[in-house]
1. Using 0.36 nm times the number of residues separating MET1 and LYS30, minus their current alpha carbon distance, what extension gain do you get?
2. Length gain on complete extension for the stretch LYS59 to VAL12, per 0.36 nm per residue less the alpha carbon to alpha carbon distance?
3. Relative to the Cα centre, what is the charge dipole magnitude of segment 1-40, using +1 at the beta carbon of each Lys and Arg, -1 at the beta carbon of each Asp and Glu, and rounding to the nearest 20 debye?
Amino acid sequence: MELVVFTIITVVFIVAIFFAWFFRQQARNKERLVLIEKGENLDQLLERKERRFSFPWLKLGVLILGLSIGLGVITLVEFITNSSRLMNGPFPLFIMGLFGGISMIIAHYVEKHQGKK
């Protein structure tokens, strides 16, 4: 049963990645067509866009830090309560979601603050 669920989740994940890539390509093609219709120089625009890309290492770091703190809290609560019943329910997922969400909000404000400089 677990193998079936894992397989379904993997297939859905791969399909979601494909559709995200596909729709991104469609949007880029439509944008290029509009620029060509307006008479813009497409080569210069493409060079400017590709130079601006930088991987958001800080956002990723803040997210990983938040998830790690969430794992630490789960471990601490399990150690203090010494109850495996609590850890089998939705509590660990709640803590991971809570700390992951908080870290994404912090990462958003950090990026926003960096953009003002």
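A short reminder: the numbers here are calculations on the coordinates, not readings from a lab. Everything numeric here is computed off the predicted structure, so don't read it as measured data. Here the Cβ is made from the backbone with ideal geometry for all residues, glycine too, and neighbour counts use every protein chain on show.
1. Here the answer is 6.1 nm.
2. Residue separation times 0.36 nm, minus the Cα-Cα distance, leaves 14.4 nm.
3. I would put it at about 180 debye.
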